[in-house]
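A short worksheet on the structure shown next.
The values are calculated or read from the model by the stated rules, or taken from the named source; none is laboratory data. In this text the structure is predicted, and so the values were computed from the model without any measurement. Please note: Cβ atoms are built from the backbone with ideal geometry, for glycine as well, and neighbour counts cover all protein chains shown.
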Amino acid sequence: MNEHITRKIDAITMPDPLGRAPEDDPWHAFRDIERIDLALEFNFRHSLGKVSRFFLELEQHRLMATRCPHCAKVWMPPRALCADDMTITEWIELPGRGNLEAASLSAYTLTTGGGDAELVLGYVRLDGADTLMLQQIRNYGDASALEPGLAMMVAWAEQPVGHPMESFWFEPA
Ligand SMILES: [Zn+2]
């Protein structure tokens, strides 16, 4: 800590890497190096896009998928366009129940800052959906019990969270 420059660490004199005497070092006048401590912080303000209703409805504890009016495929997570035939989809609400397809213990830190350093991510096929949703799995007890086909249900965070996706997870029903 320096009384004038709060982020100053120190000033050090770097040696000539070629070991020359100061009078023979052409960089002699430039070898005093100040070091400062910088903390970089990035904030991103971004839109959640056409599927924002999905995130907004999470605040009301509703899981919204989209259904293609042409082929009837139900997309969860929702897509604004059916990826199979490019038809604009429509919103439907899904019950928060389904079955586990796969789960993995992950050494993954959420970029949004919440959650644990180690977590279980799982693919859940929600009742009424034709696609799989990747989300956190919690309250599973013994991880070896996370077998494909296990009945799952949605659970909602009781405390405020930083990102809408942290407001729910799946757990064994
Ligand atoms: Zn379709």
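Numerical summary
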quantity	calculated
Only listed residue being at pLDDT 95 or above, farther than 30 Å from His4 by Cβ and surrounded by 11 or more Cβ atoms within 10 Å (Cβ to Cβ), chosen from Gln60, Gln135	Gln135
Filtered residues of region 123-165 (kept if farther than 26 Å from Arg67 by Cβ and in contact with a Ser or Thr (Cβ under 8 Å, 6 or more places away or on another chain))	Ala157, Val161, Gly162
Residue among Ile88, Ile137 that alone is among the β-branched types (Val, Ile, Thr) and farther than 25 Å from Ala173 by Cα	Ile88
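Condition check ((1) loosely packed, with under 13 Cβ neighbours inside 10 Å; (2) not in a loop (DSSP other than H, G, I, E, B)) across all residues:
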{"residue": "Thr6", "(1), (2)": "yes, no"}
{"residue": "Asp10", "(1), (2)": "yes, yes"}
{"residue": "Pro17", "(1), (2)": "yes, no"}
{"residue": "Arg45", "(1), (2)": "yes, no"}
{"residue": "Asp85", "(1), (2)": "yes, no"}
{"residue": "Glu93", "(1), (2)": "yes, yes"}
{"residue": "Gly98", "(1), (2)": "no, yes"}
{"residue": "Ser104", "(1), (2)": "no, yes"}
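Conditions (1) within 30 Å of Gly162 (Cα to Cα); (2) within 16 Å of the ligand (Cβ to nearest atom); (3) among the basic types (Lys, Arg), marked per residue:
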| site | (1), (2), (3) |
| --- | --- |
| Ile9 | no, no, no |
| Arg20 | no, no, yes |
| Glu23 | no, no, no |
| Phe30 | no, no, no |
| Ala39 | yes, no, no |
| Leu48 | yes, no, no |
| Trp75 | yes, yes, no |
